[in-house]
Each structure stands twice: as C-alpha cells, then as structure tokens.
1. Do we have L173 as at pLDDT 95 or above and more than 13 Å from A27 (Cα to Cα) here?
2. From the list I177, I167, which one is within 14 Å of G14 (Cα to Cα) and crowded, with 21+ Cβ neighbours inside 10 Å?
3. Consider only pairs whose beta carbons are under 7 Å apart and that are at least six residues apart or on different chains; among these, list those whose first residue lies in segment 178-206 and is of a type in the set (F, W, Y) and whose second residue is assigned to a helix (DSSP H, G or I).
4. Mind listing just one residue for me: the one in segment 21-52 that is β-branched (V, I, T) and out of contact with any Gly (no Cβ under 9 Å at 6 or more places or on another chain) and, of those, nearest to E107 (Cα to Cα)?
5. In segment 39-63, which residues are more than 19 Å from E119 (Cβ to Cβ) and buried (at least 18 other Cβ atoms within 10 Å of the Cβ)?
6. At least 2 residues that are more than 15 Å from V128 (Cβ to Cβ) and over 17 Å from the mean Cα position of the chain (by Cα) in each: list the helices (runs of 4 or more DSSP H) lying fully within segment 1-113 that qualify.
7. Let me confirm something: among R215, R234, which residue is of a type outside the set (S, T, Y), modelled with pLDDT under 95, over 20 Å from W36 (Cβ atoms) and more than 19 Å from the chain's Cα centre (by Cα)?
Amino acid sequence: MKILGILGSPHKSGGTAQLLFAALKSAEKEGAVVKWVSLYDGEIKPCVGCIQNEGPECKFPCIFEDYGKIVLEKIYEAEGIIFATPIYWFAPSGVMKNLLDRMTCLENMVAFGEQSYLEGKVVGAVVVGADTGAITTGGYLLTTLNSMGAIVPPWAIAYSYKSKASIWEDKDLMNAINVGLLVAKTIALLKGELRELKFIDDKALLEEIREEVLRDLELSREIKRYVRGLGWLRF
C-alpha cells in the first residue's frame, strides 16, 4: 500500500512535521510504503475557479504547470494520504488551502463521466499549533476530503497545542501514531485483509517511534532544551 504524507508547514522539523513523521512511521509498521512532500518546496498557485467556465477545463491534472501539479500527481498515485498542517487562524496554512482547492480537479472528474479520483483513498489529518483551532482545522480538512470521495477511518485526527514540542506530549503522539496505523489498516481492510479498526495505546510503540523521529530529525537535544524551558518535560 502507498501512503503519502503532505506537510503544510514551512518548518520541516517542527511540531507538525514531528507528528506527521510519527504517523508515517506507524503506517510503515503496518506494511505501507510511505513518502512525504513539503508544500513549501515549490509554488502552488491558487485555484482560479475554472470549474465555473462553460468549457470543460477543470480536470486532472489541473491547468497549471507548477509544483502543485507534481503534488496532485502524487496524490493520484497514493492509496492513502495524511495531511499535516499548522493552525493559522483556526484554519489550515495558506499553501494547504491552495492544494485543497486545486484538488477539485481530482474530484471534478465526475463531470467527465468518471468517478472522483479521490474516491476510495483513505485520509487522515495532523494539526499542530500553539493556540485554539485544532478541531476546526482538522474537521475542515476531513470534511472537505470526504466530500471529494475520500474515506475517513476512525480516530483520523491527531492534534497538539505544544507547537514544536508536540513529540514530547504522549497523548498527542499516540494519537498521531493511531492516525498512521488506522489509515494503513483501513487500506488493508479495503483490499480484503483482516484488520481491526480500533485505537491502540502501546507505550512501547510510542517510545520506539518517538526515538526514531527524534533521531531522523536530529532534534533530541534541541527539543529537550526547549521543553525544559517551558516546564513541559517531566523526567
């Protein structure tokens, strides 16, 4: 199974990235082949609403020749997608919103006698910020994606208000791990494999994935210093 992680934060080692990578690592442990992209690695032009034009213009892979088209093609190829964004004023980041709008070209294939190209894909969401708005943001993401035809498994949202120290909040990290596990398990279930779609609370797995993410991002010392300064680290 192919699962794509989409990072909608400019910080590739920040809290959003930490929980996204934790979700992807847990999906790997369920047998998924995972990849990720950063939306800040290129230009994603905003949608110009060509779906409203009389001619049939809004179709995959979109009218623009930009980085957004590359990401759309990766979404098309994936069986599961985990969208990760910081909270920007009760909403996803601007680049994530641009991508979602551009994903209309996948959904609008119904206008050409086909199914939505998002139909049957399994999605999850990771949302991180230092203020309120997580449920609004995560709910917006999953509602939009489900309206495009994607499948939302149980326990599909993970969020944290710990900003760049989210990796150290056990509850938030465990939720992110379950996003990855349940996206992967739902894909497997759709393929006819036997899977239980339930939340797990596995401390050993949590510590294993935390160490892997910290090692990969080379963050251990930096994050420990940061959270000690805020009084969040308890050991």
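The values are calculated or read from the model by the stated rules, or taken from the named source; none is laboratory data. Because the structure is a prediction, the values reported are computed rather than measured. Heads up, the Cβs are rebuilt from the backbone with ideal geometry, glycines too, and the neighbour counts pull from every protein chain shown.
1. yes
2. Values: I177 fails: within 14 Å of G14 (Cα to Cα).
It is I167.
3. Taking only residues 6 or more apart or on different chains, the pairs are F199/N178.
4. Top of the filtered list is I51.
5. Across segment 39-63, the qualifying residues are L39, I44, C47.
6. By residue number, 67-77, 104-107.
7. R234 is the lone residue from the list that is of a type outside the set (S, T, Y), modelled with pLDDT under 95, over 20 Å from W36 (Cβ atoms) and more than 19 Å from the chain's Cα centre (by Cα).
Residue-wise test of (1) out of contact with any Leu (no Cβ under 8 Å at 6 or more places or on another chain); (2) more than 25 Å from K171 (Cα to Cα); (3) modelled with pLDDT of 95 or more.
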{"residue": "I6", "(1), (2), (3)": "no, no, yes"}
{"residue": "S13", "(1), (2), (3)": "no, no, no"}
{"residue": "A23", "(1), (2), (3)": "yes, no, yes"}
{"residue": "C50", "(1), (2), (3)": "yes, yes, no"}
{"residue": "K59", "(1), (2), (3)": "yes, yes, no"}
{"residue": "E79", "(1), (2), (3)": "yes, yes, yes"}
{"residue": "I82", "(1), (2), (3)": "no, no, yes"}
{"residue": "L99", "(1), (2), (3)": "no, yes, yes"}
{"residue": "N108", "(1), (2), (3)": "yes, yes, no"}
